[in-house]
1. Residues that are more than 18 Å from SER88 (Cβ to Cβ) and among the small types (Gly, Ala, Ser), at least 2 per element: which helices (runs of 4 or more DSSP H) completely within the range 176-219 meet that?
2. Could you pull out the residue among LEU259, LEU244 that is farther than 16 Å from MET159 by Cβ and surrounded by 15 or more Cβ atoms within 10 Å (Cβ to Cβ)?
3. I'd like to know if the range 105-124 contains one or more residues that are in a helix (DSSP H, G or I) and modelled with pLDDT under 90.
4. Yes or no: LEU205 among the hydrophobic types (A, V, I, L, M, F, W, C) and either over 19 Å from the mean Cα position of the chain (by Cα) or surrounded by 17 or more Cβ atoms within 10 Å (Cβ to Cβ) (or both)?
5. Tell me, which helices (runs of 4 or more DSSP H) lie completely within the range 23-103 with 3 or more residues that are more than 24 Å from LYS266 (Cβ to Cβ)?
6. Please verify whether ALA122 is buried (at least 21 other Cβ atoms within 10 Å of the Cβ), among the small types (Gly, Ala, Ser) and closer than 21 Å to TRP15 by Cα, treating the condition exactly as stated.
Amino acid sequence: MRSEPGKPTLQGVNWGGLSTLYIKEVRRFFKVQMQTVWAPAITTLLYLIIFTVALGREGKTVLGVPFADFIAPGLIVMAMLQNSFANSSFSLLVGKMQGTIVDYLMPPLSVGELITGLVGAAVTRAFLVGSAVWLIMAIWPGVHVGVAHPLSILWFGLMGALMLAFLGLMTSIWAEKFDHAAAVTNFVVAPLSLLSGTFYSVDALSPAFRTISHANPFFYVISGFRHGFLGEADSPIYAGGIGLLLLNILLFAVCYSLLKSGWKIKN
């Protein structure tokens, strides 16, 4: 015998299984793209309209640019973050609730490949939503979303989407019903994204609240992403980019450990 009974025989990366899982997850949300891609884009545009009408009158500027131009990049990446979390927190949770979790556990995929497929689909949805929001804002009058530093957009968009995808995956492992996932969305994701400088510059806050904002990883995602459009940021770009990379490595390790142990999935 070439290997002991029960021992995996696949060597290296199972590219066929990984691509199948990724395509399955992408097709799942793309079948209802009006709900998963275009609806968030329209909702984000409504945010832009409401806040510019309420706060952007009389030529208000932030960081030296019109208010609408200031909040547009933050709204784009905020939509990306929320949809990345929504996608990755869905699959395993539904599998546990419907008893189809075996479809994810039985195929010959390693833990790393399972994480890559699920997180990769979440990041894909995030960038599709971000592209849809950017496209709508690009043709909307009174808003300028020209690209100044594309690498900042790609890096901080990717780091933010990965961060929320890992968080969503951990939520789906822990949650036992949709109420649990909704609680994380309402009490963790939404507050951290809204209170991260999306609609204001943290330099205008009091020292105490400014310190709190600098402890929020969402702040560095939004500030760095905004730098890609405006060339201006209210956070250290390189420190924020490296810090988010290290945070994502830590979150990946946590996801890997949880799935490897089978906590709340196999046990």
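1. Numbers: elements: 178-184, 190-194, 207-214.
In the range 176-219, the matching helices (runs of 4 or more DSSP H) lie at 207-214.
2. Values: LEU244 fails: farther than 16 Å from MET159 by Cβ.
Criteria check complete, one pass: LEU259.
3. Initial filter on the range 105-124 (in a helix (DSSP H, G or I)): 105, 111-124.
Those left that are additionally modelled with pLDDT under 90: 105.
Checked the range 105-124: at least one residue is in a helix (DSSP H, G or I) and modelled with pLDDT under 90.
4. Numbers: among the hydrophobic types (A, V, I, L, M, F, W, C): yes; either over 19 Å from the mean Cα position of the chain (by Cα) or surrounded by 17 or more Cβ atoms within 10 Å (Cβ to Cβ) (or both): yes.
In short, yes.
5. Details: elements: 39-55, 67-88, 91-98.
In the range 23-103, 39-55, 67-88 are the helices (runs of 4 or more DSSP H) which contain 3 or more residues that are more than 24 Å from LYS266 (Cβ to Cβ).
6. On the way: buried (at least 21 other Cβ atoms within 10 Å of the Cβ): yes; among the small types (Gly, Ala, Ser): yes; closer than 21 Å to TRP15 by Cα: yes.
In short, yes.
Residue-wise test of (1) of a type in the set (Val, Ile, Thr); (2) surrounded by fewer than 21 Cβ atoms within 10 Å (Cβ to Cβ); (3) touching a residue at least 24 places away in the same chain (Cβ under 8 Å); (4) under 24 Å from MET34 (Cα atoms).
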residue	(1), (2), (3), (4)
MET137	no, no, yes, yes
PRO141	no, yes, no, yes
GLY146	no, yes, yes, no
PRO150	no, yes, yes, no
GLY157	no, no, yes, yes
ALA161	no, no, yes, yes
TRP174	no, yes, yes, no
VAL188	yes, yes, no, no
SER193	no, no, yes, yes
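The values are calculated or read from the model by the stated rules, or taken from the named source; none is laboratory data. Keep in mind it's a predicted model, so treat the numbers as computed, not measured. Here Cβ is always computed from backbone atoms with ideal geometry, including for glycine, and neighbour counts include all displayed protein chains.
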